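Okay, so here's the structure we're looking at.
The values are calculated or read from the model by the stated rules, or taken from the named source; none is laboratory data. Remember, it's a predicted structure, so these values are computed and weren't measured experimentally. When the accessible area is computed, the model is the full protein with side chains, heavy atoms only, and any ligands, DNA or RNA have been set aside. Shrake-Rupley method; radii C 1.70, N 1.55, O 1.52, S 1.80 Å.
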Amino acid sequence: MAQINRRIIEDEKVWENFLGGRNDVNLLQSWYWGEFQARLGKKIFHTGFYETDTNQLIGVMLAIVEPARRGKYLTVPGGPVIDWTDSDLVEMAVTEIIRLAKDAGCGFARVRPQLLADETIKKIFSVHHFINAPIHLHAELTSELDITRSEAELWQGLRKTTRSEIKKAQNEKIVIATTTDPELIKDFYELQLATARRQGFVPFTCQFLHEEFRAFAARGLALLYTAKLNGEVLAQAMIIFYGKEGVYHYGASTEAGRRHPGAYLIQWEAIKEAKRRGKTKYNFWGVAPLQDKRHRFSGISVFKRGFGGTDYQYLPAQDLIINYPRYWVNLIIEKMRKKIRRV
């Protein structure tokens, strides 16, 4: 059995250098995601797993204590980032999840690694007594576009209606502007509120959006895109460029944006920017199942899929129960929320 020890990592460079060499990484396990969560007042843990003999870093895990009125719980979004074929390392990671959850007084731990849902990985979690969570932690079904192809090939891969909308936006002289100024997130938040009222979803708080954008934009890893026609805002989108992908994380539009296709032009410009930055894919984030027309995000999913990406089904969020009575209360609440929110 390999000897593995755990240590808290306090150096951003150590963390990011490890993540930089891996494909199974997105922004959720980045140092910057942890930084922004800490600014929201949450307790975070940057755990590193090391081979004892060589002192080599072989895995990392960002864990976050989520406060909730129904009781605290621990989350590991997009992680742990480990070799899942290494049973000793998996055992160590699970042990650390349990330890952190218990020490923080959490009723359960919720984990959603960046792994496609296949039977092998499902079995690993089952063996370690995880169960499917009643609700997602982060997007589990995503649309992702391979942008290693030429711009001409990407253009041809667009749905016909998507190409038409982009051409329309260009012909209408819709202007796309970008900024890294976190203070302008206040305007984006107001636009999200209006979009949420129109589409019936619960938006993130202004503080949440501001701190996330601030953490990534400070390193040149995020842009706020705005589409305008004759000075009038049509749409906005927060795009994060991390690791090997550009990510369409949040978007919002105005009533005028429903008549003029500024949102289409934003995405096309963001895809080209991701390509210029050397990214290999563009992640449109969550989409609704194709067959679920009642899903709250069915309409926006048609928009996202129009850019020619491929759907990827990731492992659903997995729960590890620490305190059974508290977990069952949470289970009932989340199942009700899922039904009400149509997700």
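Observations
- Span from the region 61-88 Cα centroid across to the region 1-54 one, whole angstrom: 12
- Prolate/oblate/rounded call for region 163-233, Cα gyration tensor, a/c under 1.5 rounded: oblate
- Part-to-part distance (alpha-carbon centres) for region 138-177 and region 100-128, which is given in Å: 35
- The chain, helix-only ellipticity at 222 nm - DSSP H runs n ≥ 4, -39,500 (n - 2.57), divided by all residues, nearest 500: -11500 deg cm²/dmol
- Averaged per residue, the chain has 47 square angstrom of accessible surface, using a 1.4 angstrom probe with ligands and nucleic acids left out.
- Under 22 Å from the Cα of Lys244 - lysines, other chains or at least 8 residues apart: Lys13, Lys272, Lys275, Lys279, Lys281, Lys304
- Cα-Cα separations in region 155-288 greater than 24 Å, expressed as whole percent: 26
- Under 5 Å, built H, 5+ apart or other chain: amide partners of Arg112: Val76, Gly78, Gly79, Gln318
- Computed with a 1.4 Å probe on the full set of protein chains, the accessible area for His128 sits at about 40 Å².
- Accessible surface of the chain [probe 1.4 Å, protein heavy atoms]: carbon and sulfur percent: 51
- Calculated P(r) of region 34-89 - Cα pairs past 19 Å, %: 39
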